[in-house]
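*Asks:* Take a look at the following structure, please.
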Amino acid sequence: GHGDGTCKWISKVVNYHDQPRTVKITLDNADAASFTGTATTLTSGSLLDENSFSEPEKVHAVSRSFGPVKPVFDYEFPAYSLTILRLGE
C-alpha cells in the first residue's frame, strides 16, 4: 500500500549537469505490469547554492507521486539535482 513503508525499489540518482537528463530505468524481477512511486528531488539553480539565514529555503526537497509506469520507463532528472525514486508503493 502507498505510504505504509513497503517499497520494492529505491534508487538514488544525482545529475550534476546543468541540463536535465533522461535516463531509462529498468525494474528487475518486476512482478506487475505497472508501478506507481514517489520521487523526492533536491535541486537548485547552481551546484554552489546553499541555504542561509537570509535564504533558508534556497535548496529544498520536493516530493511528488508519479506513475503508473511500466517496468522499463524513461525518467527526466532535473539539472543539478539529487533524486530518490521509491517504486512499487
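*Asks:* Exactly one condition in (1) at pLDDT 85 or above; (2) in contact with a Lys or Arg (Cβ under 7 Å, 6 or more places away or on another chain) is false for Ala79; which is it?
*Replies:* Result: Ala79 fails condition (2) only.
*Asks:* Given Ser52, Ser44, Ser11, which one is open to solvent by less than 80 Å² (accessible area, probe 1.4 Å) and at pLDDT 90 or above?
*Replies:* On the way: Ser52 fails: at pLDDT 90 or above; Ser44 fails: at pLDDT 90 or above.
Result: Ser11 is the single residue among Ser52, Ser44, Ser11 that is open to solvent by less than 80 Å² (accessible area, probe 1.4 Å) and at pLDDT 90 or above.
*Asks:* Identify, from the list Thr36, Thr22, the residue that is out of contact with any helix residue (DSSP H, G or I) (no Cβ under 7 Å at 6 or more places or on another chain), part of a strand (DSSP E or B), at pLDDT below 95 and not basic (Lys, Arg).
*Replies:* Working: Thr22 fails: at pLDDT below 95.
Criteria check complete, one pass: Thr36.
The values are calculated or read from the model by the stated rules, or taken from the named source; none is laboratory data. As the structure is a computational prediction, the values presented were derived from the model and not from experiment. Counting neighbours? That spans all protein chains shown, and the Cβs are built from the backbone with ideal geometry, glycine included. Note: areas computed on protein heavy atoms with side chains; ligands, DNA, RNA excluded. Shrake-Rupley method; radii C 1.70, N 1.55, O 1.52, S 1.80 Å.
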